[in-house]
Amino acid sequence: MKLIILVAIVTVYLSPSCLGDSRCISEGGHCKFTWYRCDGGSYKQGLCSGSYYRQCCVPKGSSGSSCGSSVKRLACSIKTNSNIKLMRSHVSGVSDRATAYTNIVDTCNGNKAQRSSYGNAPGGSVCLSQSLLQYVLDAANKAGPVQVNELAGASHSKNSRHYRGLAVDFQVKSGDRSYKTWMSMCRSAGARENLGPGDRGHSTHTHCAF
């Protein structure tokens, strides 16, 4: 009987819902025991309650909860721009809170954008780049409409700049040559990666990364 009561107490004490993990969550991480791997990141002490061995697994690229007023303002402009369609699903069919639409809504609300946690995606959250958001807005205003397929979400290559909040994918529709203007603007904006039709794996979308 005493053993059952002890097990019940320990279970309640270690239950994530009973723990003050808000500081870890605000860092874009999640609390877990250190004998489990922290894939794509590293452990930080003092952000999780409970046992010393229960620490915050913070993905690379996560830092702080505020992404800045300029980033928030741009995200809100993108959210209400009639020339911009933000996808609410992933091509993979996986359902999560890391779609282009939720990335922008979260950023407009002053929060980080969520990353997916399937395939190569590291999970957690990240601030979207100001340069990235300005590019999306400029492309839509000059050569729109644009359909934003992905920002920080979905599974890409392991070192993808999407996971750092630095990349966007625009859908290229059959017969639409606007993508040439998007790519020209991407290059002029100083992007590090500028891919589209004619590049391997990008026949249906453009990829602009800063």
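The numbers here are math on the coordinates, done by the rules we state, and not lab data. Bear in mind the structure is a predicted one, so any value in this text is a computation, not a measurement. Because the Cβ atoms are built from the backbone with ideal geometry, glycine has one as well, and the counts that use them run over all protein chains shown.
Take the alpha-carbon positions of region 20-59, form their convex hull, and give its projected area averaged over all directions (one quarter of the hull surface) in nm².
Orientation-averaged projected area of the Cα hull: 2.3 nm².
Could you derive backbone 3J(HN,Hα) for region 173-185 from the dihedral phi with the Karplus parameters 6.51, -1.76 and 1.60 (θ = phi - 60°), listing whole Hz in sequence and x where the residue is Gly or Pro?
My calculation for region 173-185 gives 8, 4, x, 8, 9, 4, 4, 5, 5, 4, 5, 5, 5 Hz in order.
Residue farthest toward the positive end of the dipole of the chain, with Cβ of Lys/Arg at +1 and Asp/Glu at -1: which of N141, S49, V172?
Farthest towards the positive pole: S49.
Could you go through region 38-49 in sequence order and give the Karplus-derived ³J(HN,Hα) for each residue, using 6.51 cos²θ - 1.76 cosθ + 1.60 with θ = phi - 60°, rounded to whole Hz, and x for Gly and Pro?
Those phi angles translate into 9, 5, x, x, 8, 7, 10, 7, x, 10, 10, 8 Hz.
Send over the Kirkwood Rh of region 69-209, from the inverse of the averaged 1/r over different Cα pairs, rounded to one decimal Å.
Value: 14.6 Å, from the Cα pair sum.
Once amide H atoms are built 1.01 Å from N in the peptide plane, which residues 5 or more positions from N149, or in another chain, come under 5 Å H to H?
D169, F170, Q171
At a threshold of 8 angstrom on Cα-Cα distance, excluding pairs fewer than six apart, so keeping six or more, what relative contact order does the chain reach in percent?
Once normalised by length, the contact order is 15 percent.
Whole-Hz Karplus ³J(HN,Hα) for region 89-96, in order, using 6.51 cos²θ - 1.76 cosθ + 1.60 and θ = phi - 60°, x for Gly and Pro?
With the stated coefficients, region 89-96 comes to 8, 9, 4, 5, x, 5, 9, 7 Hz.
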